[in-house]
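The values are calculated or read from the model by the stated rules, or taken from the named source; none is laboratory data. Given the structure is predicted, the values throughout are model-derived calculations rather than measurements. All Cβ positions, glycine included, derive from the backbone under ideal geometry; neighbour counts span all protein chains shown. Heavy atoms of the whole protein, side chains included, go into the accessibility calculation; ligands, DNA and RNA do not. Shrake-Rupley method; radii C 1.70, N 1.55, O 1.52, S 1.80 Å.
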Amino acid sequence: MSYRVSHHIIREKTIINGISGYFRSGQITAILGPSGCGKSSLLNCLAGIKKKGVFGSISITTKKKLKISVIGQEDRLDPRLSVREALNYASRLKSLDKTDHKLNVNAILKRLDIESCADVRAKRCSGGQRKRVSIALELVSRPNILILDEPTSGLDTSTTWQLINTLLDLTQQSEKGQPMAVVATIHQPSGKLFNLFHSVYIMSYDGQCIYQGTPQSMVNFMAQYGVKCPKFHNPSDYILEVASKEHGIGKPMLLTSIMKIEALDLIPHEHKIVASKEHGIGKPMLLTSIMKIEALDLIPHEHKIVPHFKYNTCSDIWTLTKRSFVLSYRDIWLLHLRIVANIATVLLLVGFWGPESGKLSGCPDNFVVDGADFVKTFERVADKLNENFACLVFVVMFTWFGAIFAVLLTFPAEMHTFLKEYRNGWYSVYSYYMAKVIVDTFWQLTIPLLMIIPAFVGTGQFYETERWRFHYFIAICLLLALSSTSMGLIVSAYLMDSPTAAAFIGIVTAFPLFLFSGFMIPVKDMPNGFRHSTWGNFIRFTLEGTTTAIYGFNRCRADPIGPKKAPIDWGSLITEQQMTAILASDHINADALMNTMSLFSGQVSDEAQSVIMTKMDYHDNDMYRAIVMLVVIMVVLKVGTYFILLRKVKTVDA
């Protein structure tokens, strides 16, 4: 078998170079070799994780359906769950038949001798206990093949010894008459530990096999071909020195040739090479070796190990949803911090804008004053209306930020655990994603209310006689939170390998969204290209919907503030002589007044239309359009996230 990958500098790089071998059930096989020789890549190829670039035949000599579990170098244990809870969820997710999960968990705890830490959270377990818990999570499904990558890394000698003995016991404790095969990569074992393994598989620096067999027969095997291990030298250290070219390149090349010749004896072939030895025995032996090695390339290439798992989708979604709720509830630095942030923000918001911010409607009645106070009143009303509109924008932007930031922090961090569980057949991508959507939807429909409702009421937004305005405002803000979550999911899924980049890009998107929301420049005044791009901008539709809910739908006729008056006759309020005096006065900011009047002077002629609606060019139907577009954007983003996640998983596996 060979494994090649594309490289950014050279066209192709060979990681595993034409190796052969076998791993038997009921045995523990240790794979040894120098760093970078392809040990981890070999495990991924055996487990079916790596598919692209794999050449050769990988097969299982049984017709029974086998379960394969892979445990990586790092312990992917969630610190928010106790050991018993983690095993219980694993048992429910991995067991298709009717299993007594409580008995199953207790049996695994006893089998791996981790009963003492069963009710302790994983983050408080020792290094050895964490390794055993990682193994226990896979044993709940009773796998036939257990593959471990560097299980002893970071452990002391005593803990390493205990762990390997535990793995030895697992190979002898068969399930339903099927003994387990354990394959593990080991980094520089001691001589005592080296002799514990049933079989060892040694790889050289160039990704080739130089020995496979029992540890006890390795020294004699090497000596048979002139590679003698010095006396009082640890054989495992010496073979690794040979594999690393420390004793020259000839020895690993020789052992590689011998292993390829022996591997060929396992393959049925009809042709034989015959020589008369007239020119000595060396030449026919050499030619025989070359022909046998070349014959390996004629073997049909077939990659047979392709894991197929059966899932109970409904049960998996239910279990994953419960687990996600528990994890999010116990995440004190995210859930509790979000709650505190929303409460603190609404206190600052109400204190800053005050309870009278939303009282003014921007209708003609607000501008009917005596001529003497016209200038000050006009500026005051205009400023108050702009301030309240800015308050609405702040509520919208904080809702967006709180929703997307929570996803950007959590989703990428879960990817390693998700990939490990998915590869080992715990659940499908669909089950995981649906559970994620359900939990995120629940929190996005509850936590933002801690800020939105008090902000609406505390700033005096109009709803006393028409409660539907309040309901529509809340609904549109919640749709924004769900759309923001969807955007965070799609960015995190696309950049699952780089959480920092996902967080940066997710936050940076606030600038174009806000810039083209219509707040800085009304949508109608934007160039055609930018105006059309705003159809995917959920900030734009949230502003349209919330503003229309408050100021639209005949707000002026429904406004209870003050008696109704006739439309304003601007000529009677300010004459030509008064305007000349205003412009010549040193006590009035004429430029500010003219700017204010240019915004509002032509927009108060319709008694039933708020000046804010006219200024932003909003209409009543925009609220319904905003709701529809927010739903469409949310659905498109969530569906897109699922397909991106599905594609990313396949890409990572390849």
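Restricting the first residue to segment 616-628 and requiring it to be under 19 Å from D525 (Cβ atoms), which pairs with a second residue that is assigned to a helix (DSSP H, G or I) and open to solvent by 80 Å² or more (accessible area, probe 1.4 Å) meet a Cβ separation below 6 Å and a spacing of at least six or different chains?
Pairs found: D617/K524.
Here are P284, P268, P215, P230: which of them is modelled with pLDDT under 90 and within 20 Å of S20 (Cβ to Cβ)?
Matching residue, one of P284, P268, P215, P230: P268.
Could you give every pair whose Cβ atoms fall below 8 Å, whose first residue belongs to segment 315-330 and is in contact (Cβ under 8 Å) with a residue 24 or more places away in the chain, and whose second residue is of a type in the set (D, E) and surrounded by fewer than 21 Cβ atoms within 10 Å (Cβ to Cβ), counting only separations of at least 6 or pairs across chains?
Matching pairs, first to second residue: V326/E85; L327/D78.
Restricting to segment 613-624, what's the tally of residues that are assigned to a helix (DSSP H, G or I) and either surrounded by 15 or more Cβ atoms within 10 Å (Cβ to Cβ) or in contact with an Asp or Glu (Cβ under 7 Å, 6 or more places away or on another chain) (or both)?
Looking only at that region, the number is 6.
Which one of these does S141 not meet: (1) closer than 28 Å to E246 by Cα; (2) in contact with a helix residue (DSSP H, G or I) (Cβ under 7 Å, 6 or more places away or on another chain); (3) among the hydroxyl-bearing types (S, T, Y)?
Answer for S141: the failing condition is (1).
Grab the helices (runs of 4 or more DSSP H) fully contained in segment 104-196, keeping just those with 2 or more residues being outside the structural domain of C45 (by the TED database).
127-139
What tally of residues in segment 411-437 results from selecting those that are in a helix (DSSP H, G or I), touching a residue at least 24 places away in the same chain (Cβ under 8 Å) and open to solvent by less than 30 Å² (accessible area, probe 1.4 Å)?
Looking only at that region, the number is 11.
Go through segment 3-40 and report how many residues are outside any loop (DSSP other than H, G, I, E, B) and either surrounded by fewer than 19 Cβ atoms within 10 Å (Cβ to Cβ) or without any contact (Cβ under 8 Å) to a residue 24 or more places away in the chain (or both).
7
If you check A344 against the conditions, is it over 30 Å from S57 (Cβ atoms), of a type outside the set (S, T, Y) and modelled with pLDDT of 80 or more?
Against the criterion (over 30 Å from S57 (Cβ atoms), of a type outside the set (S, T, Y) and modelled with pLDDT of 80 or more), A344 qualifies.
Take Q216 and tell me if it is surrounded by fewer than 16 Cβ atoms within 10 Å (Cβ to Cβ) and not β-branched (V, I, T).
Considered against the rule, which asks whether it is surrounded by fewer than 16 Cβ atoms within 10 Å (Cβ to Cβ) and not β-branched (V, I, T), Q216 comes out as yes.
Are there any pairs, at least 6 apart or on different chains, whose C-beta atoms fall under 8 Å, with the first in segment 244-258 and more than 11 Å from Y205 (Cβ to Cβ) and open to solvent by less than 30 Å² (accessible area, probe 1.4 Å) and the second among the hydrophobic types (A, V, I, L, M, F, W, C) and in a loop (DSSP other than H, G, I, E, B), and if so, which?
Here the result reads L255/V227, each pair linking segment 244-258 to a residue that is among the hydrophobic types (A, V, I, L, M, F, W, C) and in a loop (DSSP other than H, G, I, E, B).
Can you pull out the residues in segment 53-75 that are of a type in the set (K, R), under 20 Å from L43 (Cα atoms) and surrounded by fewer than 18 Cβ atoms within 10 Å (Cβ to Cβ)?
K65
Which one of T485, T459, T509 is surrounded by 22 or more Cβ atoms within 10 Å (Cβ to Cβ), more than 30 Å from V326 (Cα to Cα) and β-branched (V, I, T)?
Going through T485, T459, T509 in turn, just one is surrounded by 22 or more Cβ atoms within 10 Å (Cβ to Cβ), more than 30 Å from V326 (Cα to Cα) and β-branched (V, I, T): T459.
Answer yes or no as to whether A90 is open to solvent by less than 70 Å² (accessible area, probe 1.4 Å) and part of a strand (DSSP E or B).
Here the answer is no, as A90 does not meet what is asked.
For L109, are the conditions met, namely being open to solvent by less than 50 Å² (accessible area, probe 1.4 Å) and farther than 14 Å from E421 by Cα?
It is true that L109 is open to solvent by less than 50 Å² (accessible area, probe 1.4 Å) and farther than 14 Å from E421 by Cα.
Could you tell me whether segment 534-544 includes any residue that is open to solvent by 70 Å² or more (accessible area, probe 1.4 Å) and over 27 Å from R338 (Cα atoms)?
The answer is yes, given that some residue of segment 534-544 is open to solvent by 70 Å² or more (accessible area, probe 1.4 Å) and over 27 Å from R338 (Cα atoms).
Which one of these does K123 not meet: (1) within 24 Å of L334 (Cβ to Cβ); (2) buried (at least 19 other Cβ atoms within 10 Å of the Cβ)?
Going through (1) within 24 Å of L334 (Cβ to Cβ); (2) buried (at least 19 other Cβ atoms within 10 Å of the Cβ) one by one, K123 breaks only (2).
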